[in-house]
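First comes the structure, then the notes that go with it.
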Amino acid sequence: MKKSKLLPWATAIMLVVGVAVLAAVYWNRNVTVDELSFSGNVITEIEVLTEAANVEFGVHPDSLDLSVIIERIEKVDYVKSATPYIEPNGDLNIEITERTPVALLIKDEKRAYVDAEGVKLPIFENKTFNLPLVYGFDASTDSDTLKSEAFKQISTFLTEAKQNKFVWLTISEVAYNKEEGVVALSQENGVKLLFGSNDFRIKLENWEAFYTEVIRVKGIQTMQQVDLRFTNQVVTREG
């Protein structure tokens, strides 16, 4: 009884699989890749991506080595990852995920953008970002990704700061040293801000509260330094 009840279902499944296989064979034999499109890219120009992809048109989908195409695209500056998808009509679409700069590295005469992972990105004339300046790290794009503990502290700080629109607009320069941890300068009057090496979200909230409740009343020109290294108090040096 049980076998007889399962038989129609098994037959139906085999039929569906068979149709799917035939459809796949037909698709691979009769459909060709004639169009290439990209989505998700904001910083990277279509022309740059198209040249990097170097797709051979007029071939069947199964003749494309997508892994090689993706590898070429992911070598493009600002491209973090690329995900391909071939439409039923054969058009190839590639979804681009780009790297987002969080700061501008400055050392000697070198300049480079950097993302939260420490990947250095070149500066293009037609692509500018209003970002905090970060000092003390190699700004050459030919050198390795920044992986030092000091940069991890800076990256964590900037990532948290970027979540707070007010904070992001009030910080202009950032550096790190072992004694004071993350040190920033305020956008206005260049007041030295000490943030230490942890609990950045709380300390950034403290900075916003201090600015709103104290600086807006007394004026930022009265401040020389604001020490936010302690999560439960703010210590100032005025002059």
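Yes or no: Leu169 assigned to a helix (DSSP H, G or I) and without any contact (Cβ under 8 Å) to a residue 40 or more places away in the chain? Spelling it out, Leu169 is indeed assigned to a helix (DSSP H, G or I) and without any contact (Cβ under 8 Å) to a residue 40 or more places away in the chain.
Against the definition (part of a loop (DSSP other than H, G, I, E, B), surrounded by 14 or more Cβ atoms within 10 Å (Cβ to Cβ) and among the charged types (D, E, K, R)), how does Asp144 come out, yes or no? Spelling it out, it is not the case that Asp144 is part of a loop (DSSP other than H, G, I, E, B), surrounded by 14 or more Cβ atoms within 10 Å (Cβ to Cβ) and among the charged types (D, E, K, R). Against the definition (buried (at least 17 other Cβ atoms within 10 Å of the Cβ), within 30 Å of Thr170 (Cβ to Cβ), under 19 Å from the mean Cα position of the chain (by Cα) and not hydrophobic (A, V, I, L, M, F, W, C)), how does Pro101 come out, yes or no? When the stated conditions are applied, Pro101 passes them. Within the option set Asp77, Asp91, Asp65, being closer than 29 Å to Trp168 by Cβ and not assigned by TED's automatic domain parsing to the domain that holds Ser155 holds for one residue only, Asp77. Scan the range 153-166 for residues that are in contact with a Lys or Arg (Cβ under 9 Å, 6 or more places away or on another chain) and either outside any helix (DSSP H, G or I) or touching a residue at least 60 places away in the same chain (Cβ under 8 Å) (or both) and the total you get is 2.
The values are calculated or read from the model by the stated rules, or taken from the named source; none is laboratory data. Here the structure is a predicted model, which means the values were calculated and not measured. Please note: Cβ atoms are built from the backbone with ideal geometry, for glycine as well, and neighbour counts cover all protein chains shown.
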